């Protein structure tokens, strides 16, 4: 197995290295195109199709100081197709305000010069993110990160696009709505809504997520797709598309200054470590609107319209099958007509028989799949003179060519034999016979009543009358009920991830507590804090169905407000996180009594959360 994996990786690398220069693409992006003095900008030079490109030499960029951070490589194999890339990342620090053009950049790859597009960057004056606080500040005041409306419109916006700007009535039009987000926290994203009385819009499918360059800036994109068609001809305006979401803004708290603020420790403790850790995230509702989209809807032409046209639009193929081909008069024949292709299948009706003479025709059963619609119709030949199923016609308007088309299937020969004649059977009733009454003897034709019942005798007992039978039935019922509950619980564990994590949270925490207790007794302080932090974070993540990497004092504080967690328990959690963070830098300052108190706090937190129905 290891040899096979090694061979596969070696083969993939050989394929990657064999890419020619013509297949290599050079792309330059920045994480934003508007920045303030004191902030940093990330510049990425990506080469798609190769990994053997060293860091390009960047000449001095006007208005910026550049620093090379390092490369990032990627190799992927999807359905046998190998792709690779290398990205060289730089940090640009603005030196003055103004509008600057970065690039174009050039790189020599396999004897061929690749050139990127230039990118325009705007640098504005403003307070630096790392500006120190005033010495007069003695109280903690929330300081929210402010984003101007113009900058917000550049960092999150909605784009509405249609597959066609000019279409026919009832023609399917692909509809795409893209949400672009750049360096913003967004959650509770709703499906887009378009209010219109001129188009019929289907439900949006599951959205796709990816990254895309737009105007030289790299955005996270959520793409919503669906189909629509016009219900009347004319000149219309589609949109705007509206999307509701919550914008997550990080609010930081300003702390008191200390005598160490001017030295190394002041710089350390004035950093964003504790501010980010004990800060707050607030969600602000945001409604995004796209621009409107003009669309022209053409009516179907009358010229060349075939007889029997039912309004089908698209590009289709017709396939017809009939079974059986040899029947007796009055026996059914199933006619299966399949329409395949692309178009508006809601407008596709049953193909028409050229004639119904000699047949009794029933309404078809319809089955619709993706790009396929099947009609199964029952025909009954009434006479043995019928020799074929008549010609079948299906007409549609081809939206690609702008013309009507008629699909024809030739008559299908069949053999109809004469039905079996019903045989008439005459039933003769026997003649009544007259019997001569015989003289009965007294005592032989009459049974006298018994004056006493005599002695009773048990003739047997039924199974259902026994106690063991009913005990067995009750036991079987409880066994069946237990199996049902067990299967239901197992199915819920598989399908309900929140429920599964909630159940396994105390079990995993018990294992972690045992390990912490062992490390505490052995005096391994660093391992004690590592295991303590891991156990606390994983327990809270499983208990409240959150990603383990996102568990911080900030998220727990928000969760405490939402779930009604006691303030005492919240303070214990924050203390555990703060002590674990402090132990990374000064583990020796914690004594045995302090370690036991921290350990006890963790057990009290878990015990409290398990008892509360949160």
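Readers should treat all values here as calculations from the given coordinates under stated rules, not as data from a laboratory. Please read these numbers as outputs of a predicted model, since none were measured by experiment. Ideal geometry is used to build each Cβ from the backbone, glycine not excepted, and the neighbour counts take in all protein chains shown.
Say each of residue 608 and residue 115 gets a label point 7 Å from the Cα, pointing the same way as Cα to Cβ; how far apart are those two points in nm?
6.6 nm
Taking every eigenvalue of the Cα gyration tensor of region 497-611, multiplying by 5 and rooting it, what semi-axes result, largest first, whole Å?
23, 16, 12
If you wrap a convex hull around the Cα atoms of region 303-417, how much volume per residue is inside, in Å³?
Output value, Cα hull per residue: 90 Å³.
If each of residue 490 and residue 340 carries a label point 7 Å out from its Cα toward its Cβ, how far apart are those two points in nm?
It works out to 4.1 nm between the two label points.
On a full-extension model of 0.36 nm per residue, what is the gain between residue 204 and residue 503, subtracting their alpha-carbon distance, rounded to one decimal in nm?
104.2 nm
If each of residue 371 and residue 248 carries a label point 7 Å out from its Cα toward its Cβ, how far apart are those two points in nm?
Rounded to a tenth, the inter-label distance reads 3.9 nm.
Could you calculate, for region 185-250, the ratio of the Cα radius of gyration to the Kirkwood radius, expressed as Rg to Rh?
1.05
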